[in-house]
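Step one of this worksheet: look at the structure below.
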Amino acid sequence: MSDADVTAQVPAAPDPSDILALDALLSSDELEVRQRIRDFTDQRIKPNIARWYDDAAFPLELAPELGELGVLGMHLEGYGCPGRSAVEYGLAAMEVEAGDSGIRTFVSVQGSLAMTAIHKWGSEDQKQEWLPRMAAGEVIGCFALTEPTAGSDPSSMTTFARRDGTGDNAGWVLDGAKRWIGLASVAGVMVVWAKTDDGVRGFLVPAGTPGVTTTPIAQKLSMRASIQCDVAFDGVRLGCHGRRA
């Protein structure tokens, strides 16, 4: 038997980067998306993550780059969103996670939480106002659900919104507190969940709204290239934009 025959019978060594043996299950388009996100992670995240981690700083300049890459609201249709498949979104999240969990969390919170809430429950005006800019990374969103004493249990939340006024002057007044809210201090818009007399509703609170205080949580041991905040709402007055959750 020749050396060539022996070589032909030896199975190819597995790709060390394909530890889940996914490649054979993916289409050429899915592999292309994954490679594009992998290249971005290798070029923009991995060379810089040690500095971002040491500084405990989220790189704001990365937001528009991730928007241009097409991973913000990646699975959503319309309003400037990429409209890609769930598989492609999962592959993108996996590749960004390989660079840093804090950066991947931004991608997930921006698209799967904040943008999806607006896309699903927002008014048409709210969708037009926020989603294109969030998809482009021009505006950062946050998702304010967890509370100091409630965690992720909505039934135990104490943040409350009460109706205020009638007719054209009708609105809401929001009071309460949230904790561990990612990027709240740099967000252009908050999706805030609160109890009301009619059940739990979501409210959009733009940055700079009077009565909102955001305080970054310092000295974290993980998720350091991100920002988590305490958020307080003290008599925050909002227009009539609440949507039932």
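Of all stretches in the chain that contain no GluC sites (Glu not before Pro) in a DSSP loop with at most 10 other Cβ atoms within 10 Å, the longest one is 78-245. Taking the square roots of 5 times each eigenvalue of the Cα gyration tensor of the stretch 23-135, largest first, gives ellipsoid semi-axes of 24, 19, 10 Å.
About the Cα centre, and with charges only on the beta carbon of Lys, Arg (+1) and Asp, Glu (-1), how big is the dipole of the chain? Nearest 20 debye, please.
Here the chain has a charge dipole of around 1060 debye.
Expressed as an acute angle from 0 to 90° and rounded to the nearest 10, what is the orientation of the C-alpha long axis of helix 124-135 relative to the principal long axis of the chain? For 124-135 against the chain, the angle is about 40 degrees. Estimated from the Cβ-Cβ distance and a Förster radius of 25 angstrom, the FRET efficiency linking Thr166 and Lys120 is about 0.30.
Sorted into 5 angstrom bins from 0, the C-alpha pair distances of the chain split as 1, 6, 13, 15, 16, 14, 11, 8, 5, 3, 2, 1, 1, 1, 1, 0, 0, 0, 0 percent.
Within the listed set Ser112, Ser226, Ser152, the Gaussian network model of the chain (springs between alpha-carbon atoms below 10 Å) gives the highest mean-square fluctuation for Ser152.
Helix 86-97 and the long axis of the chain differ in direction by around 90°, with both axes built from C-alpha atoms. Taking a point 7 angstrom from the Cα of Lys46 along the C-beta vector, which residues in the stretch 102-127 have backbone N less than 19 Å away? Within reach of a label on Lys46, which here means backbone N under 19 Å from a point 7 Å along Cα→Cβ, the stretch 102-127 contributes 102-105. Distance from the Cα centroid of the stretch 94-149 to that of the stretch 180-220 is 13 Å (rounded to whole angstrom).
For Thr213 and Asp29 in the same chain, what is the full-extension length gain: residue separation times 0.36 nm, less their Cα-Cα distance, in nm? Mind showing how you got there, number by number?
Values: separation 184, 0.36 × 184 = 66.24 nm, distance 4.42 nm.
Here the answer is 61.8 nm.
Normalised by the residues of the chain, what does the relative contact order come to in percent, with Cα pairs under 8 Å and at least six apart?
Values: 435 pairs, mean separation 44.7, N = 245.
Once divided by the residue count of the chain, the mean separation gives 18 percent.
With semi-axes defined as the square roots of five times the eigenvalues of the C-alpha gyration tensor, the equivalent ellipsoid of the stretch 141-244 measures 25, 15, 10 Å, largest first.
Taking only DSSP H segments of four or more residues, each worth -39500 (n - 2.57), what value at 222 nm results for the chain once the sum is divided by all its residues, to the nearest 500 deg cm²/dmol? Present the calculation step by step, with values, prior to reporting the outcome.
Values: 8 runs with 73 residues, N = 245.
Helices in the chain give a 222 nm mean residue ellipticity of -8500 deg cm²/dmol.
Read the figures in this text as sums done on the coordinates, not as results from a lab. Note that the coordinates shown come from a computational prediction; the quantities given were computed from them, not determined experimentally. So basically every Cβ, Gly included, is an ideal-geometry build from the backbone, and we count neighbours across all protein chains shown.
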